[in-house]
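The values are calculated or read from the model by the stated rules, or taken from the named source; none is laboratory data. Since the structure is predicted, the reported quantities are computational estimates derived from the model, not experimental observations. Note: ideal-geometry Cβ built from the backbone for every residue, glycine included; neighbour counts use all protein chains shown. Accessible surface areas use protein heavy atoms only, side chains included; no ligands, DNA or RNA. Shrake-Rupley method; radii C 1.70, N 1.55, O 1.52, S 1.80 Å.
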Amino acid sequence: MRKSRLLYVPFWATYVFLYTPIVVLVVMSFNAGDSPYVYEGFSLEWYGTLAKNAAIREGLVNTLIVAVGSTVLATVLGTLLAVGLARHTRSRALDALGMLPAVLPDLVLGIGLLVFYATIKSTLGLHSVLLAHTVFGMAFVTAVVRTRLTHADTSLEEASRDLGATPFTTFVRITLPQLAPGILAGALLAFTLSIDEFVIAFFTAAPTTPTLPIVIYSMVRFGVTPEINALATLLLLVSFTAVIVTQRMTRLTESLS
Amino acid sequence: MLKITGVSRRFGDVTALSDVSLEIRQGEFFALLGPSGCGKTTLLRILAGFESPDEGTVTLDGDDLLGQAAHRRPVNLMFQSYALFPHMTVAKNVAYGLERERLGRAEVRGRVDEVLQKVGLETMAGRRPHQLSGGQRQRVALARAIVKRPRLLLLDEPLSALDKKVRAEMQLELKRLQNEVGITFVVVTHDQEEAMSLADRIAVFNAGGVEQVDAPVELYEHPRTPFVAGFVGANNIFEGRACSAGLAGEELGILPGDSGLPDGTPALLAVRPERIRLDGEDKGVLGGEVVDVSFYGGISHVSVQVSGRRQPVLVATQGATQVQTGSKVALGWAEGDGVLIPQ
């Protein structure tokens, strides 16, 4: 069948639609002028201002603490939950409930957590954001690992037991390596989601401990500056690196198994 | 050595095993043979420790086996899918079970090398399972199981994943290894030829129960239940009642058989295709018309339509046969070749 060249038009148009805003943002971050909308020549000036902005630095540190902490917790708990769901229960309801926070509207989760923290009279701060992000990050890790588990061969675990391994050794030596690509993908997902999460963080953070998205939000309220563009470009770089690293590492671990 | 007494297992409404009792001797190559879904795999999983029976006991050399967790039993299972660990090399796969016994590194290495040599894979020690052929994977799975020197080795459909040529090779290999290591083997299979050529004794399973336990030749020549007569090898089966000369068929008259049954008992008469003679037209027990001749090289199959019987009678002859489709023939067999089975 002859392929019509015309079909390529909507194909490329889709990509233009997807990436034009991002390209504009990146270009504007190198703008020499003050306006975030009119390009006046190349400069790294805004990256310099960005580095000197104490509020942004503080926000970035907060965000990294929350992202790393919640990713570690979410990965460990999510993996264990996935294994429990796949191997030790047949309840579809529990299955669905374990992954529900992933699709729950952030607003609902945010308000719910805020009410919960108020009820147990917990203070708000980085710890409350960290735990909140663990909740939804865990749901994503569970979903990814759970999918991998359903495709994993249970006879491997039986073979390990048959050869004299205790259930614990079997889990560490056989189950975990089988799940590694899934766990890694889930962890990176939890990490990237946490880094730019706004709604839940907005509800559960204390005014003294804003995360980066909250800092950006409060800056944008007074108008977009090229500084924000520079910051967004850097965030973009982090996300891209995360995606590429995930792809590389899943391919690596998959070729090993 | 292994004593299974009154073992039953139900899954919901399905009875996988009902009151199974078997005794397996030291050093024996024992086969559990039956169609899929007959419960043989469930029994194997009970012996390995992945299932527990609802009723019954299993003892190994007098020790209760069911009370021990799977990883503590002196029993190893070779999985149908082989279940090799994909993230480990061949040597690591084989060493895995020994490392669990906390043996010294030198001893583990020595035993791994020894067993890999035994299965002819010493050059493959550094490979990963996906780099091996089906036959090689099977050898690794076998090596991994026997390196533990279990008292009992269970094999779940060990040859089913191999193509025909490799299968014949591995069949001999399995027998040789079993002789060499002297471990009691229990193999599960649905392939009766495989069971016959491998095993010292065979237990035929049907619908969760044991039909007959016997040596292959005995099983073939003296099937004791209608199921065994139909399942093991090809058979011509006639219905009727026992009489002193054999079987009295309703439409076929008296058919010769080795009757030990009281007269008048409803019975089946089973005659192997290779025991039936093609006689001249006026002699013989049954007369009929040849409807098909198939030549297989070493043997030929002749199908003879006998009036009064719906299915044609199958006759196997050595080499090429002289009879042609459409010719009238008479069929005969010696009294000792007709086996009577009570219905």
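So that you can scan it fast, the table gives a plain yes or no per residue for (1) open to solvent by 50 Å² or more (accessible area, probe 1.4 Å); (2) more than 22 Å from A:Thr246 (Cα to Cα); (3) in contact with a Phe, Trp or Tyr (Cβ under 7 Å, 6 or more places away or on another chain):
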| residue | (1), (2), (3) |
| --- | --- |
| A:Asp162 | no, yes, no |
| A:Thr169 | no, yes, no |
| A:Gln178 | no, no, no |
| A:Pro181 | no, no, no |
| A:Ala185 | no, no, no |
| A:Leu189 | yes, no, yes |
| A:Thr192 | no, no, no |
| A:Ala201 | no, yes, no |
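Residues that are away from chain A (no Cβ under 14 Å), surrounded by fewer than 20 Cβ atoms within 10 Å (Cβ to Cβ) and among the β-branched types (Val, Ile, Thr): list the strands (runs of 3 or more DSSP E) wholly contained in region B:1-82 that include at least 1 such residues. Full working, then the answer.
Numbers: elements: B:2-11, B:14-24, B:29-33, B:55-60, B:75-78.
The strands (runs of 3 or more DSSP E) meeting that bar are B:2-11, B:14-24, B:55-60.
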*What pairs come up if the first residue lies in region A:54-67 and is farther than 14 Å from A:Leu231 by Cβ, the second is polar (S, T, N, Q), and their beta carbons are under 8 Å apart, counting only those six or more places apart or on different chains?*
A:Asn62/A:Thr209; A:Asn62/A:Thr211; A:Val66/A:Ser194; A:Val66/A:Thr211; A:Ala67/A:Ser194
*Only one residue in A:Thr175, A:Thr142, A:Thr150 is in contact with a helix residue (DSSP H, G or I) (Cβ under 7 Å, 6 or more places away or on another chain), modelled with pLDDT of 90 or more and closer than 30 Å to B:Val94 by Cβ. Which one?*
A:Thr175
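More than 14 Å from every other protein chain (Cβ to nearest Cβ), under 21 Å from A:Leu77 (Cβ atoms) and over 17 Å from the mean Cα position of the chain (by Cα): which single residue out of A:Gly137, A:Gly112 fits that description? If you could, list the steps in order and put the result at the bottom.
Values: A:Gly137 fails: over 17 Å from the mean Cα position of the chain (by Cα).
After applying the criteria, what remains is A:Gly112.
Would you mind finding the one in A:Ala96, A:Ala82 that is modelled with pLDDT of 90 or more and either out of contact with any Pro (no Cβ under 9 Å at 6 or more places or on another chain) or surrounded by 15 or more Cβ atoms within 10 Å (Cβ to Cβ) (or both)?
Working: A:Ala96 fails: modelled with pLDDT of 90 or more.
On inspection, the qualifying residue turns out to be A:Ala82.
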_Checklist (1) of a type outside the set (D, E, K, R); (2) farther than 26 Å from B:Ala229 by Cα; (3) in contact with an Asp or Glu (Cβ under 6 Å, 6 or more places away or on another chain) applied to B:Gln68, failing item_ = (3)
*Considering A:Glu157, A:Glu197, which residue is within 14 Å of chain B (Cβ to nearest Cβ) and modelled with pLDDT under 95?*
A:Glu157
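Take B:Leu255 and decide whether it is modelled with pLDDT under 90, open to solvent by less than 20 Å² (accessible area, probe 1.4 Å) and more than 20 Å from B:Gly326 (Cα to Cα). Show your work before the answer.
Values: modelled with pLDDT under 90: yes; open to solvent by less than 20 Å² (accessible area, probe 1.4 Å): yes; more than 20 Å from B:Gly326 (Cα to Cα): yes.
So B:Leu255 fits the description; yes.
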*Could you figure out which of (1) assigned by TED's automatic domain parsing to the domain that holds B:Gly338; (2) loosely packed, with under 15 Cβ neighbours inside 10 Å; (3) not hydroxyl-bearing (Ser, Thr, Tyr) isn't true of B:Glu180?*
(1)
_Within region B:127-141, take every residue that is within 14 Å of chain A (Cβ to nearest Cβ) and not in a helix (DSSP H, G or I) and give me the one that is most open to solvent (accessible area, probe 1.4 Å)._
B:Arg127
_Return the pair list, or none, for Cβ contacts closer than 8 Å from residues in region B:91-118 that are away from chain A (no Cβ under 14 Å) and free of Cβ contacts under 8 Å to residues at least 12 places away in the same chain to residues that are surrounded by 20 or more Cβ atoms within 10 Å (Cβ to Cβ) and hydrophobic (A, V, I, L, M, F, W, C), at least 6 apart or on different chains._
B:Glu107/B:Leu98
*region B:326-343 residues that are without any contact (Cβ under 8 Å) to a residue 40 or more places away in the chain, paired with ones that are in a strand (DSSP E or B) and buried (at least 17 other Cβ atoms within 10 Å of the Cβ) (beta carbon under 9 Å, 6 or more apart)*: B:Gly326/B:Val290; B:Ser327/B:Val290
